[in-house]
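*Asks:* First the structure, which I've put down as structure tokens, then a few questions once you've had a look.
The values are calculated or read from the model by the stated rules, or taken from the named source; none is laboratory data. What you are looking at is a predicted structure, and each value in this text was computed from that prediction instead of being measured. Cβ coordinates were reconstructed from backbone atoms using ideal geometry, including for glycine residues, and neighbour counts include every protein chain displayed. Side chains included, ligands, DNA and RNA excluded: accessible areas come from the protein's heavy atoms. Shrake-Rupley method; radii C 1.70, N 1.55, O 1.52, S 1.80 Å.
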Amino acid sequence: MRKIALVNQKGGVGKTTTAVHLAAGLAELGKKVLLIDLDPQANATLSFGLHHNPERPSAYSVLIGKTNVKETIQPLTEMLSILPSSIDLAGVDMELSNEIGRERVLSDKLDEISGFDFVLVDCPPSLGLISVNALTFVDEIHIPVQCEFFALHGLSLLMRTIDLVKRRLNPTLEITGVIACMYDGRRSLARETSSELDNFFQDKVFKTKIPTNVRLAEAPS
Ligand code: ATP
Ligand code: MG
């Protein structure tokens, strides 16, 4: 079972789009996939047609111990399931602030997950407690990066956080992929950013770049 978090504290870079389409694509290839939505915006949950419903069991209710993970996972197709998010997740930093081992709550609660080939975690655009919990739970990190000016700005903070989590909480954590998203090869800025990514992350950058494509923006609707 490969557990991969899609992380970048920068908003709107393509984390959710990548998570949703990667999940669907892997399921089409016959892999059993669980997508965990840890963003209070619940965009991944919405993308799969699950509308806002505060009563529905969610990653939030699992984190606070109100529901167990098995009853909260919703099968979407035979191969693809989702652990939906809810807006309540936005307050979880505060709610868990006095919990002992608060960085490990997610990994503790999700321990009983089994039977999936891939578990993909869509993270919120911040490096708060939710993202740290995600990084403590997974084995691998994929970083979606938008090929724009400032794309690399802020990555050092992400690298520092990953390094700290690795040293203190999850020694086997590795970055195994960097994904250039919304890439427009006609623009020199995109090409420059992409080569900077190659220099910095070397062979961790996926050779396939995700082009800017309006159909991806329209897909959720
Ligand atoms: P947030 O940090 O807010 O959760 P995110 O990193 O998850 O954002 P997305 O929601 O995946 O980013 O993408 C941001 C916006 O860009 C969305 O409106 C999405 O539809 C659009 N988008 C993402 N990838 C592409 C693409 N390759 N081509 C065109 N539009 C895209
Ligand atoms: Mg998102």
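*Asks:* Kindly provide log₁₀ I(q)/I(0) values, in the same order as q = 0.18, 0.25, 0.28 Å⁻¹, from the Debye equation applied to equal alpha-carbon scatterers of segment 123-191.
*Replies:* The Debye formula, applied to the Cα set alone, gives -0.72, -1.14, -1.32.
*Asks:* Using a probe radius of 1.4 Å on heavy atoms only, what accessible surface per residue do you get for segment 15-76? Whole Å² is fine.
*Replies:* 47
*Asks:* Please report, in debye to the nearest 20, how large the charge dipole of the chain is about its Cα centre when each Lys and Arg carries +1 at its beta carbon and each Asp and Glu carries -1 there.
*Replies:* Computed charge dipole of the chain: roughly 400 debye.
*Asks:* Then there's this: Return a whole-number percent for the relative contact order of the chain, with Cα pairs under 8 Å and 6 or more residues apart as the contact set.
*Replies:* Relative contact order here is 27 percent.
*Asks:* Please enumerate, by chain and number, the lysines with C-alpha under 22 Å from the C-alpha of residue 66, excluding those fewer than 8 residues away in the same chain.
*Replies:* Counting by Cα, and skipping residues close in sequence, residue 66 has these lysines nearby: 109.
*Asks:* So what's the net charge close to residue 80: Lys and Arg +1, Asp and Glu -1, counting the other residues with Cβ under 10 Å from its Cβ?
*Replies:* 0
*Asks:* How much accessible area per residue does segment 146-210 have, counting only protein heavy atoms and a probe of 1.4 Å, in square angstrom?
*Replies:* In whole numbers, segment 146-210 has 63 Å² accessible per residue.
*Asks:* As a test question: what accessible area, to the nearest 10 Å², does residue 87 have when a 1.4 Å probe is rolled over all protein chains in place?
*Replies:* Answer for residue 87: close to 100 Å² accessible.
*Asks:* Let me ask something else. Spin-label point model (7 Å from Cα, Cβ direction): what's the residue 90 to residue 104 distance in nm?
*Replies:* Taking the two extended label points, one gets 3.1 nm.
*Asks:* To the nearest 10 square angstrom, what accessible area does residue 179 show with a 1.4 Å probe?
*Replies:* Result for residue 179: roughly 10 Å² accessible.
*Asks:* Related question: Specify the inter-centroid distance of segment 143-162 and segment 43-104, based on alpha-carbon positions, in whole Å.
*Replies:* 26
*Asks:* Once you place label points 7 Å from the Cα toward the Cβ at residue 219 and residue 32, how far apart are they in nm?
*Replies:* 2.4
*Asks:* Right, here's the next one. Quick one: dipole size for segment 1-67, taken about the Cα centre, charges +1 on Lys/Arg Cβ and -1 on Asp/Glu Cβ, in debye to the nearest 20.
*Replies:* For segment 1-67, the charge dipole is close to 240 debye.
*Asks:* Between residue 207 and residue 189, what is the label-to-label distance in nm when each label sits 7 Å out along the Cα-to-Cβ direction?
*Replies:* Rounded to a tenth, the inter-label distance reads 2.9 nm.
*Asks:* Go ahead and estimate [θ] at 222 nm for the chain from helices alone: -39,500 (n - 2.57) per DSSP H run with n ≥ 4, summed, over the residue count, rounded to 500.
*Replies:* So the helix-based figure for the chain works out to -9500 deg cm²/dmol.
*Asks:* Same structure again: Could you pull out the longest piece of the chain with no exposed loop trypsin sites (Lys or Arg not before Pro) in it, calling a site exposed if DSSP puts it outside H, G, I, E, B and it has at most 13 other Cβ atoms within 10 Å?
*Replies:* 67-185
*Asks:* Moving on to the next point. Roughly to the nearest percent, how much of the accessible area of the chain is carbon and sulfur, given a 1.4 Å probe?
*Replies:* So the carbon and sulfur contribution to the accessible surface is 52 percent.
*Asks:* Across every pair of different alpha-carbon atoms, what Kirkwood hydrodynamic radius in Å does segment 102-221 reach?
*Replies:* Evaluated on segment 102-221, it is 15.9 Å.
*Asks:* If the only charges are +1 at each Lys and Arg Cβ and -1 at each Asp and Glu Cβ, what is the size of the charge dipole of segment 146-221 around the Cα centre, to the nearest 20 debye?
*Replies:* Computed about the Cα centre, the dipole is about 140 debye.
*Asks:* So how much slack lies between residue 51 and residue 97, counting 0.36 nm per residue of separation and subtracting their Cα-Cα distance, in nm?
*Replies:* Contour length minus the Cα-Cα distance gives 13.7 nm.
*Asks:* Relative contact order (percent) for segment 77-192, with alpha-carbon contacts under 8 angstrom and 6 or more residues of separation?
*Replies:* Answer for segment 77-192 is 25 percent.
*Asks:* Which helices pass in the chain if a helix is a full DSSP H run, must span at least 15 angstrom along its long axis by Cα, and must have mean Kyte-Doolittle hydropathy not below 1.6?
*Replies:* none
*Asks:* State the dimensionless ratio Rg/Rh of the chain (Rg: radius of gyration of Cα atoms; Rh: Kirkwood radius).
*Replies:* We get a ratio of 0.95 for the chain.
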